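Following: one structure in structure tokens, then a few remarks.
Derivation of every value follows stated rules applied to the coordinates shown; laboratory data play no part. These figures come from a predicted structure and were not determined experimentally. Here the Cβ is made from the backbone with ideal geometry for all residues, glycine too, and neighbour counts use every protein chain on show.
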Amino acid sequence: MSDAFTDLDTSDELRLDDRTIEDEITITERAVRRIAKVLAAEAPGTALRIAVEGGGCSGFQYRFDFDTARNEEDFILEADGAVVIVDSMSLMYMRGSEIDFVDDLMGQAFHINNPQAVASCGCGTSFSV
């Protein structure tokens, strides 16, 4: 585990509005609508969990899962039926990011617009910092 993880202060009070976690992660209206639509078909209490893990062609990759578990250190963002969970370690790599949903000729997908990423791959799920 990187020493950078030990520098993350998870005791900060959360300041949640309908779109941000600590004013650090935002969700576009398109993403809110899509997440809410997908979660409506899942079991009650299900959320979209977004995590950063090692791997992918650029060093890190995003993992998107459905999850009903909540951990004490998780950051939870709720808006209009959309619930997103980000663990505290992943939050360190996602600060300042925007979660978006894109529907174009290439297909439909969630995209993380991450200002910390210095490089990314064409698929949009792998990045380096």
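Between the residues Leu91, Ala69, Gln116, the greatest Cα displacement towards the positive end of the dipole of segment 59-123, with unit charges on the Cβ of Lys, Arg, Asp and Glu, is found for Gln116. Backbone amide hydrogens, once placed in the peptide plane, bring His111 within less than 5 Å of Asp100, Phe101, Val102, excluding anything fewer than 5 places away on its chain.
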